[in-house]
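A quick write-up on the structure given underneath.
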Amino acid sequence: MFDELRPHLVELRKRLAISAASLIVMFFVMFYFHEPLLTWMVQPLNDALITVGKVSIHAANGMITTSQVGGAFFVALKVSFFAAMLGALPIILSQIWLFIAPGLYAHEKKMIIPFIAGGTIMFLVGVLFAYYVVTPFGFDFLITFGSFKFTPLINIEDYVGFFTKIMFGFGLAFELPVFAYFLALLGLVDDRQMTSFFKYAIVIIFIVAALLTPPDVLTQLLMAGPLVILYLLSILIVKMVNPAPPLEEEDDDEDEDNDEEDESNLKVEHHEDYDELIDTEKKGE
């Protein structure tokens, strides 16, 4: 059994090595630009502090701080790693596809470019949606809450971790139509299966939204709403790629199978009766 898995493990190690190498290279590239990247990341927070500061004296005195001696350096590392993940995403997706490609048909292997392009674009769309739509509402709410009593001193280390969690969460969530398309292309799902799973998907979507967004209802709805729309869009995509057979055809197939089974049973019974008749004639002779 291990001998059968060895080629797959070797291939997996190769793909992981290439992905890790691309991530390391992009990390050093992004580290050179970590200051403008950090400015971009904290911009929604600064905007929220300015907006809330217009109505709250405490918020007007709010600022972004660091509580560690090497806090700025570790923040630069986190920012660089986040940007490196985005930069290396096309290479990582290509390695995922190349790993599963040997088990695909020839026409399916040609879908590598749509897979990489679609996956990268939808991930970036999710990140931009979170940055320009979700974080302004979420940060305004969180800073406003209690700002009339407390001065918001935001720890930059905690903020960067919080920010990247939201960005990655939305990026992965927006990959749903892409993965649904390729699962349908491989014949693993059809539109009837996704439709029947919709009620469970709603529950899962709201749980994921609660885990990946700030603890307020507005931002959770801002994530859950697009996810529900993306799930419905995925159903339409799957219906075009791998539509479920009509129920009548399935019933006809079941009836044919039952008829064949009945015929086979009759043949067996007839064969058994014939054998009994032959045995009786032999005993009579």
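For this structure, a couple of remarks:
- Protein heavy-atom accessible surface, 1.4 Å probe, per residue over the range 11-86: 60 Å².
- Average accessible surface area per residue within the range 142-238, 1.4 Å rolling probe, Å²: 50
- Taking the centroid of alpha carbons for each part, the range 88-115 and the range 121-158 are 35 Å apart.
- Peptide packing for 8-14, 180-186, 19-25 was compared via the average number of neighbouring C-beta atoms within 10 Å per residue; ordered from the highest value, the list is 180-186, 19-25, 8-14.
- Solvent-accessible area, 1.4 Å probe, carbon plus sulfur percent, for the range 9-66: 72
- Computed log₁₀ I(q)/I(0) - Debye formula, equal Cα scatterers, no solvent, the range 30-97, q 0.15, 0.27 Å⁻¹: -0.65, -1.09
- Residues of the range 158-184 with amide N under 19 Å of a point placed 7 Å along Cα→Cβ from Leu104: 175-184
- Inter-site label distance for Ile121 and Thr144 at 7 Å from Cα along Cβ, in nm: 3.6
- Taking every Cα-Cα distance in the range 90-145 and sorting them into 5 Å bins starting at zero, the pair-distance distribution P(r) comes out as 4, 18, 17, 14, 10, 9, 9, 8, 6, 4, 2, 0 percent.
The values are calculated or read from the model by the stated rules, or taken from the named source; none is laboratory data. What you see is a predicted model; the values in this text were computed from it and never measured. Cβ sites come from the backbone with ideal geometry, for glycine too, and all protein chains shown count toward neighbours. These accessible areas exclude ligands, DNA and RNA; they are computed on the full protein's heavy atoms, side chains included. Shrake-Rupley method; radii C 1.70, N 1.55, O 1.52, S 1.80 Å.
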